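Before any comments, here is the structure.
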Amino acid sequence: MKLQHQRLSLLYKTAFIVNPAAGGGKAEKTWRQIEKILKESGLTFSVYICGSRGEAKEFALQAVKHGSELVVAVGGDGTVNEVANGIDLEKTILGIIPLGTGNGFRRACGIPGGWWESLRGLSSWLPRSVDVGTVNGRRFLNVIGIGFDAAVAEMAAEKYGRMKGYLPYVAAFFEKLGQFGHFAVSIQCDDQTFTENETLLVAVANGSNYGGRVSIAPQARIDDGKLDLVLVRKGSKRETTYLAAKVLLRRHLNDSSIITGRGRQLEVIADHPVPVHADGEMTGNLPIKISLEKTPLKILAPV
């Protein structure tokens, strides 16, 4: 396919917020191709290039202030999360060109993984309303991870960040497997209470996938008005490795180490500080309060 001969259109006043470091740095080269195609199509748009963590949110705020109706996150789940925290849910539509490693949220939305297909979709898809959550006042779109998976995400970024693809997470998983203990947790999920003294991790999912094909909550849907709770009890190294394989096969929910629930409002407390991530980005420690926003997010995605 000769992409330079494909002309595109944009139906809204549009801003692109680009994280050139996404996908191990591959996003920078890909964005140059995308920008060339947009310009050859004669389109007018704004571009904001991120240079540090947190800038995508600030750029989204600026874009909305300057009248952008469609704000497109060009990067991974972290970039999408920041942009979602900067837009006005009442006035702004979110777009995604997935250029990260995992891109879990785009899977939940049905957005294609290829950048050309997702770029072309901006010309044809209609806005779709999806749920958006908050954790201690900060928005999230995909999954809140508590405990072991947050510790893995933190180590992957800090210690193994120079590795490519999923290797940082694989390396961090096996290293943390021998280090991470357990925690006692109490979870209020709407009118239900869950307690567990030997907890490995807790996930609160709007979308089903962490990233890639790792589906921690296969039954979660982004437009059903509910968040899915998955609690995993601590097991031996062998049991945890086996459970991880079952997660990859989406056959883990019937395991005896799993507790599940569903609700709109949750509060999670533990017996000591436990790390938390939101859409793969570290966001402090327990305790946390999680809820769904009353106003849905409008996103350009296949119906």
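Side notes on the structure shown:
- Label-point separation in nm, ILE269 to ALA244, each point 7 Å along Cα→Cβ: 3.3
- Shown for LEU253, LEU227: other C-beta atoms within 10 Å of each C-beta, ranked fewest to most, produce the order LEU253, LEU227.
- Measuring between their Cα centroids, the range 221-246 and the range 32-103 lie 31 Å from each other.
- Judged by the gyration tensor of its Cα atoms, with axes a ≥ b ≥ c, the range 139-293 is rounded; a/c sits under the 1.5 cut.
- Cα-based reach from LYS298 at 16 Å (exclusive), listing aspartates and glutamates while leaving out same-chain residues under 8 positions away: GLU69, GLU82, ASP88, GLU90, ASP131, ASP223, ASP224
- Antiparallel %, DSSP beta bridges [both residues in the chain], to 5: 75
- Cleavage-rule hits, trypsin sites (Lys or Arg not before Pro), the range 145-246, DSSP coil, Cβ neighbours within 10 Å at most 12: ARG162, LYS164
- Remark: the Cα gyration tensor places the range 181-236 in the oblate category, a/c being 1.5 or greater and a/b not exceeding b/c.
- By the count of neighbouring beta-carbon atoms within 10 Å, fewest first, VAL247, VAL274, VAL74, VAL204 end up ordered VAL247, VAL274, VAL204, VAL74.
- Extension reserve of the GLU28-ASP190 stretch, reckoned as 0.36 nm per residue once the Cα distance is removed: 54.0 nm
Read-outs: derived from the displayed coordinates by stated rules, not from any lab. The shown structure was predicted, so the numbers you read here are calculated from the model rather than taken from an experiment. Every residue, glycine among them, receives a Cβ derived from its backbone with ideal geometry; neighbour counts consider all protein chains shown.
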